[in-house]
1. First check a/c for region B:126-267, with a ≥ b ≥ c the square roots of the eigenvalues of its C-alpha gyration tensor; if it is under 1.5, answer rounded, and if not, answer prolate when a/b is larger than b/c or oblate otherwise.
2. Can you give the mean number of other chain Cβ atoms that lie within 10 Å of the Cβ atoms in peptide B:350-357?
3. For region B:397-445, what percent of Cα pairs sit more than 15 Å apart?
4. Fewest first, what order do B:Ile200, B:Ile27, B:Ile190 take by the number of other Cβ atoms within 10 Å?
5. Tell me, Kirkwood radius of region A:15-113 from alpha-carbon pair distances, in Å?
6. Can you pull the one-decimal nm distance between simple spin-label points at A:Arg142 and A:Glu90, each 7 Å off the Cα toward Cβ?
7. Find which of A:Val42, A:Gly104, A:Gly121 sits farthest along the positive direction of the dipole of region A:3-178, computed with +1 on the beta-carbon of Lys and Arg, -1 on that of Asp and Glu, about the Cα centre.
8. Could you state the per residue volume, in Å³, of the convex hull enclosing the Cα atoms of region A:3-178?
Amino acid sequence: MNRLAQEAVIVGLARRLHDRGSWSGETHLQKATYLLHELFGVPFDFDFILYKHGPFSFQLRDELDSMRADRLLEREVQAPPYGPRIVVTERGKELEQRFGRTMGRHAEALDWAAARLGDRGVTDLERLATALWVTRDLPKGRSVQDRAAALHVVKPHVSMASATDAVRELDEMLVEAESVAV
Amino acid sequence: MVPKRHHEVRDAVHVFIHFEDAERAVIDSRPFQRLREIHQLALSYLVYPGASHKRFEHSLGVMEVAGRIFDVVTRPDKVSDAVRDVIPEHGGSEHQYWRSVLRMAALCHDTGHLPFSHGAEDELLPAGWDHERLTREIIHSDEMAAVWESMRPKPESDDVVKLALGPRKVEKLKLGLSFDAWQAILAEIIVGDVFGADRIDYLLRDSLHTGVAYGRFDFHRLIETLRIIPGAPEGGDGSADVDPQLGCERGGLESAEALMLARYFMFAQVYYHPTRMAYNEHLKDFLSAWLPDGVFPIDAEDHLSRTDSEVLTAIRDAAGEAGAPGHEAARRIVNREHFRIAYNRQPDDVGARSLATGAIAAAAEHFGADKVRYGASPRRGDPPDFPVRERDGSSVSSLSLSEVLTRLPASHDEYVFVEPSMREQAKRWITDQRGSIIDQALAEQAHEEETTT
């Protein structure tokens with residue numbers, strides 16, 4: 001994807017998450033982008049490392065900054081103590097329309113992300129995205145328990161029970177992703 | 001006579017910088033001494049005559065500031081129960097080890113800089129290389145290994161790399177290093193986007209040497225109020241598991257605001273001053289022509305032999321010898337005949353039209369590719385959010401508290417520079433053609449993407 005097309009897809013994701021009632025802060029966009037890239041092969045040009053709340057991309061952070069500078073997105077400040085939400089501007093919506101075919105190509109994956117992730121909080125998203133990270137990191141075919149243990153090691157504040165639930169849910173998502181055309 | 005273990009040097013910003021024998025071994029090493037010959041602000045001294053300071057004193061300053069921040073945020077009375085598990089026991093061996101690694105990393109964080117610092121980096125190294133990767137090579141070099149080996153406790157070179165580069169560069173360079181919560185905070189202390197010692201020192205130091213007072217802020221107060229605290233909640237299910245970060249006490253918010261204002265003004269006034277950016281283009285042109293194969297060597301030994309001194313001598317020689325590689329660019333630098341602005345990004349060059357300046361620069365090459373240059377600052381957004389500890393101990397988003405931070409504009413500077421004699425002609429042409437150039441560039445971008453299968 002060229003830069004503008006990639007920005008259009010991020011706008012499409014942010015808009016869908018927002019429409020689904022997501023808090024739509026930076027962490028929500030970070031985790032949703034990671035899951036879309038890894039589960040559906042949406043060709044974002046971002047590398048991720050295990051960092052804040054699990055997989056995190058500084059390149060995506062810079063892209064979100066840049067999109068705010070270009071008035072495609074803006075921060076919606078919240079009452080204390082909460083961090084800001086990220087909302088799509090009219091210019092952002094125009095960009096999405098300009099890249100209609102690109103948006104069509106990824107619509108099903110973006111809809112999936114909005115439906116599956118839209119109502120999830122930061123803690124849930126951290127668990128799910130980190131479950132995917134350890135699943136990709138470990139040799140193929142490792143058991144739910146092995147992967148949950150690995151998740152617990154990299155995120156000690158996630159209990160084994162919670163890590164196990166996250167890995168199970170991720171496995172469901174992997175199956176769902178196979179049935180979604182991209 | 002008792003050998004001296006503690007040392008101090010005078011410093012223009014911090015008055016005194018203190019260090020110990022082990023740190024002196026790093027300071028005395030060739031990679032660090034080379035920084036005496038690397039200008040902190042590249043050719044900015046052609047715009048701000050006082051800006052002739054070097055990476056050497058900046059790196060000492062980063063060590064000093066990083067050490068002060070570490071000492072404040074790990075003091076037992078400053079550590080809350082919410083984050084106590086993350087921080088090693090005060091005064092214990094692990095605490096001492098990481099304090100030492102932090103200061104070593106702060107010293108080493110700029111050792112990979114090419115001559116003229118950032119000014120010539122992007123296009124003058126082989127693909128996949130940048131100054132941070134060179135920094136990593138130096139930290140892992142035999143020369144530095146001998147220095148690490150002599151220390152007690154001996155720092156692991158990968159630990160020094162992690163803190164010197166931080167997660168952003170580790171991600172970019174795909175180094176495969178991971179950060180636990182403690183290491184992530186230590187890296188933030190040096191290279192963090194918000195309160196990094198690198199940023200604190202360069203704003204203060206560059207402000208002092210350029211004479212641009214906007215870069216000053218109350219860093220003493222700021223450092224005293226820095227804390228390791230849980231991140232502020234982002235909505236949804238709240239903050240229970242949020243990773244700890246570097247934030248500040250509620251009483252430090254105003255000094256943090258001043259830091260962000262300093263950053264904004266210094267970027268606009270100094271770091272992306274258009275004349276500096278024009279000189280930067282001439283410097284790149286010169287180096288591309290002068291360097292063997294157009295790129296700097298990546299071998300650590302060759303890297304250490306290249307400083308601003310050799311480059312400046314070469315520029316002066318090339319400027320006086322028609323036909324020498326890079327003569328034209330060298331002549332422009334020496335004679336101050338830099339390119340002039342023909343177009344700068346307009347307020348409506350946003351949204352999809354954000355490609356305007358780049359497209360105009362490309363189209364303007366019909367005047368001759370050697371007569372037009374494009375220069376841009378990073379497309380940076382508004383200030384980053386950081387957690388603030390309220391008096392009741394809770395973490396609150398800085399943006400939910402500070403109207404100053406929410407109103408600080410995003411800055412992005414882009415320019416089309418042209419050969420001085422054709423400036424007016426180019427400006428008229430751009431005024432006439434701007435609309436059609438942008439429309440065509442947009443259509444090409446959309447077509448290119450929409451036809452991708």
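Where a number appears in this text, it was derived from the coordinates with a stated rule and is not lab data. Because the structure is a prediction, the values reported are computed rather than measured. Here Cβ is always computed from backbone atoms with ideal geometry, including for glycine, and neighbour counts include all displayed protein chains.
1. Details: a/c = 1.87, a/b = 1.28, b/c = 1.45.
Oblate.
2. Values: counts 6, 14, 12, 4, 11, 4, 0, 0.
Across the residues of B:350-357, the mean count of other-chain Cβ atoms within 10 Å is 6.
3. Numbers: 807 of 1176 pairs.
Across region B:397-445, Cα pairs with separations above 15 Å total 69 percent.
4. B:Ile27, B:Ile200, B:Ile190
5. Details: mean 1/r = 0.0702 Å⁻¹.
Across region A:15-113, the inverse of the average 1/r is 14.3 Å.
6. 5.1
7. Sorting the options by dipole projection puts first A:Gly121.
8. On the way: hull volume 19.4 nm³, N = 176.
Enclosed volume per residue, from the Cα hull, is 110 Å³.
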